[in-house]
Amino acid sequence: MPDTPDAIRTAALRKVYPAPGARRGAEQRPDIVALVGLDLTVGGGEFFGLLGPNGAGKTTTIGILTTRVKPTSGAASVAGADVVTNEVAVRQRIGVVPQRPNPDRSLNVRENLVFHAAYFGVARSVAARRAAALLDQLGIGDRGDAKVDQLSGGQQQRLMIARALIHEPRVIFLDEPTVGLDPQARHALWDILRELHAQGRTIIMTTHYMEEADRLCERLAIMDQGRLLALDTPQQLKTRAPGGTLVELVLDGDATAAASRARELAGVSSAEPQGSVLRVYADRGGELIPALIRTAGLEGRDVRDIHLSPPSLETLFISLTGRKLD
Amino acid sequence: MPSTSFTPPSTLRIFGALLRRDLHVTRRELPYFLVRTTLQPLLFIVVFGYLLPRMGFVGRGYGAALLPGIIAVSLTLSSVQSVALPMVQDFGFTREIEDRLLAPVPMRLIAFEKIVMGVLQGLIAAAVVLPMARLIMGPIDALTGAHALPVLLITILGAAAFSNLGLLMGTAINPQQIGLMFSVVVAPMIFFGCAYYPWQGLQAVPAMKYAVLVNPLVYVAEGMRGALTPALPHMSLLAVVGALVVLTGLFWTLGIRSFERRALS
Ligand SMILES: Nc1ncnc2c1ncn2[C@@H]1O[C@H](COP(=O)(O)OP(=O)(O)OP(=O)(O)O)[C@@H](O)[C@H]1O
Ligand SMILES: [Mg+2]
């Protein structure tokens, strides 16, 4: 891929956190490997999504790219600037929405925005105008003079979004920005992001909402346990979802035996047990349900619950990570 | 749209913005700040510089030894607190400092700005306590205003040393123990800091005279004596300045290392 101005690259990026409570004399617990050699390229102006279950390493990746986490080894750069050796140049270009709101609690809502802009050299009058517009857009235009402690969780999250955009960065990182937002605020954010994308800004977003990733992102990376599992457009990823519909059956006991039997049924492309849950991928989906219930019954299992999912990012995600997103 | 002609803002301008943020927050809290840092020294002045001399328990000359020490205590106390306490909040559960750590400047500039604020608040405390102490204690023979420059120099150096100590304490100590730290470290430092008696006087207990030399407050108090009451016994100003420069450097080195460890995971 040719180097575009605001591109993001990582090469063999690795992050190891020291074991919690590591102390001499204490029992040695293993270090936590959060990233295992991540190779990622995001083009300038791209809208890129990062998906993965809890602990996959999404926040760590964003932390390194935003110069807030030190990589253990490997390299990463934003707009051609190395995140370790040229961190100031990286910070000049980025805006960040953190996973957990961290407003400056000594300042009110508007001051949070105007001062943050000032840290990027934006004049006060310009910042004040932008702050008013952003707060309006995010539906908290009337809360400018409020203390941040008086904001609800979702309102604080909106403030974080406004703060990330106030200095008009060219590369924008959003770590689960829509968590805690009501549907209206979520749609307002989507509109804002689409507009920023149309302006040619690079956007990297993590999310647990497949629908959101599907609608907004041009390309998606699915990661788990510090590794990249898949990377493609949402369209392409969906076609890679394994054979057909996912049928999940919750049994009243271990599903292993029922899974082996289910594999023999015609039209079943795979059947995997996970505890008492039996996951079956089948072309015909719903039609197979009576046969699956009978199969479980033959192994002495009752079916407690059944769930059908058509081929989607969700089914691909589950087949790749063995976990559901919510 | 991403413009190709991108001119990054100057480091100085961003430093100014960081400073403005702290001035904004500090101004709002100035009365509390002054009460917190000057009330205790002033009460001390009332008892030891006013009441006891009038009761005849201490000589009239004690005031001259006490005044520079009280200035030293106020300015060091305010410098150390005005850096350490915000650090505890900034690195607390929500890590409020993150929005400043994203500023496009080297990370140590964020810490350095806190030091500048600490020095400024030390200066303010000294400027408030000096006239009030003089007012309460009445005329002091040996006191002279002739050496304003040395007074300013000692104030700035002392405030710098203690601001850097505040940086170290605020970042290295876990927040639940910061209160304990003030009682265990700061309180003994004040009592064994030659603030309430001149260093010379420790001749009476020679072991003590050399043991207290590890205490940074000794140099600020003795420096103040040298600058405010030069006619009375005091440590050489050269030694004081040398010690304060070394201590400032030491605390900065340790403090910034601790700051960076907290700031970057
Ligand atoms: N500061 C830290 N110290 C120690 N371990 C950490 C730290 N931050 C993250 N980890 C560990 O690194 C791994 C990856 O965490 P990370 O926050 O990057 O995951 P994530 O994909 O963002 O998860 P989530 O969806 O829950 O936000 C986890 O095992 C986590 O426990
Ligand atoms: Mg995360």
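With respect to the conditions (1) without any contact (Cβ under 8 Å) to a residue 12 or more places away in the chain; (2) closer than 26 Å to A:Thr207 by Cβ; (3) within 25 Å of the chain's Cα centre (by Cα), A:Gln99 lacks only one, and its number is (1).
Yes/no matrix, rows are residues, columns are (1) of a type in the set (Ser, Thr, Tyr); (2) modelled with pLDDT of 95 or more; (3) under 19 Å from B:Glu98 (Cβ atoms):
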| residue | (1), (2), (3) |
| --- | --- |
| A:Gly80 | no, no, no |
| A:Arg100 | no, no, yes |
| A:Glu111 | no, yes, yes |
| A:Val114 | no, yes, yes |
| A:Tyr119 | yes, yes, yes |
| A:Ala132 | no, yes, no |
| A:Asp136 | no, no, no |
| A:Ile140 | no, no, no |
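Where strands (runs of 3 or more DSSP E) sit wholly within region A:202-320, those with at least 3 residues that are touching a strand residue (DSSP E or B) at 6+ places or on another chain (Cβ under 6 Å) and either farther than 30 Å from A:Ile172 by Cβ or of a type in the set (D, E, K, R) (or both) occupy A:245-251, A:268-274, A:277-282, A:303-309.
Quick test for you: out of A:Gly80, A:Gly52, pick the one residue that is farther than 19 Å from A:Leu193 by Cα, crowded, with 18+ Cβ neighbours inside 10 Å and either under 14 Å from the mean Cα position of the chain (by Cα) or in the same structural domain as A:Cys217 (by TED's automatic domain parsing) (or both). Criteria check complete, one pass: A:Gly52.
Filtering region A:83-123 to residues that are of a type in the set (Lys, Arg) and either under 15 Å from A:Leu134 (Cα atoms) or crowded, with 19+ Cβ neighbours inside 10 Å (or both) leaves A:Arg91, A:Arg93, A:Arg110. Among the residues here, A:Thr41 qualifies as within 20 Å of the chain's Cα centre (by Cα), among the hydroxyl-bearing types (Ser, Thr, Tyr) and modelled with pLDDT under 95. Flag: B:Val58 does not match the condition of being touching a helix residue (DSSP H, G or I) at 6+ places or on another chain (Cβ under 7 Å), assigned to a helix (DSSP H, G or I), surrounded by fewer than 17 Cβ atoms within 10 Å (Cβ to Cβ) and more than 9 Å from chain A (Cβ to nearest Cβ). Which residues, counting only those in region B:95-143, are more than 14 Å from chain A (Cβ to nearest Cβ) and outside any helix (DSSP H, G or I)? The answer is B:Gly138, B:Pro139, B:Ile140, B:Asp141, B:Ala142, B:Leu143.
Only one of the numbered conditions (1) modelled with pLDDT under 95; (2) within 18 Å of the chain's Cα centre (by Cα); (3) buried (at least 22 other Cβ atoms within 10 Å of the Cβ); (4) not charged (D, E, K, R) is not met by B:Val185, and that is (3). The set of residues in region A:196-223 being of a type in the set (Asp, Glu), closer than 16 Å to A:Thr178 by Cβ and either surrounded by fewer than 17 Cβ atoms within 10 Å (Cβ to Cβ) or within 15 Å of ligand 2 (Cβ to nearest atom) (or both) consists of A:Glu211 alone.
Give the residues of region A:269-285 that are under 14 Å from A:Val303 (Cβ atoms) and surrounded by fewer than 16 Cβ atoms within 10 Å (Cβ to Cβ), sorted by residue number. Those that are under 14 Å from A:Val303 (Cβ atoms) and surrounded by fewer than 16 Cβ atoms within 10 Å (Cβ to Cβ): none in region A:269-285.
Of the residues making up region A:165-180, those that are within 16 Å of ligand 2 (Cβ to nearest atom) and crowded, with 17+ Cβ neighbours inside 10 Å number 6. Answer yes or no: is there a residue in region A:166-177 that is out of contact with any helix residue (DSSP H, G or I) (no Cβ under 6 Å at 6 or more places or on another chain) and in a helix (DSSP H, G or I). No, region A:166-177 has no match at all. Condition (residue is at the interface with another protein chain (Cβ under 8 Å from one of its Cβ atoms) and at pLDDT below 95) applied to region A:48-69: is it met by at least one residue? No: zero hits.
Does region A:72-92 include one or more residues that are within 16 Å of ligand 2 (Cβ to nearest atom), in contact with a strand residue (DSSP E or B) (Cβ under 9 Å, 6 or more places away or on another chain), touching a residue at least 24 places away in the same chain (Cβ under 8 Å) and not hydroxyl-bearing (Ser, Thr, Tyr)? No - not one qualifying residue is present in region A:72-92. Taking the criterion of being surrounded by fewer than 22 Cβ atoms within 10 Å (Cβ to Cβ) and not in a helix (DSSP H, G or I), the only residue of region A:55-67 that qualifies is A:Gly55. Of the residues in region A:162-177, at least one is within 8 Å of chain B (Cβ to nearest Cβ) and in contact with a Phe, Trp or Tyr (Cβ under 9 Å, 6 or more places away or on another chain).
The values are calculated or read from the model by the stated rules, or taken from the named source; none is laboratory data. Only a predicted model underlies this, so the values are computations on that prediction, with no experimental measurement involved. When we count neighbours, we look across all protein chains shown, and the Cβ atoms used for this are built from the backbone with ideal geometry, even at glycine.
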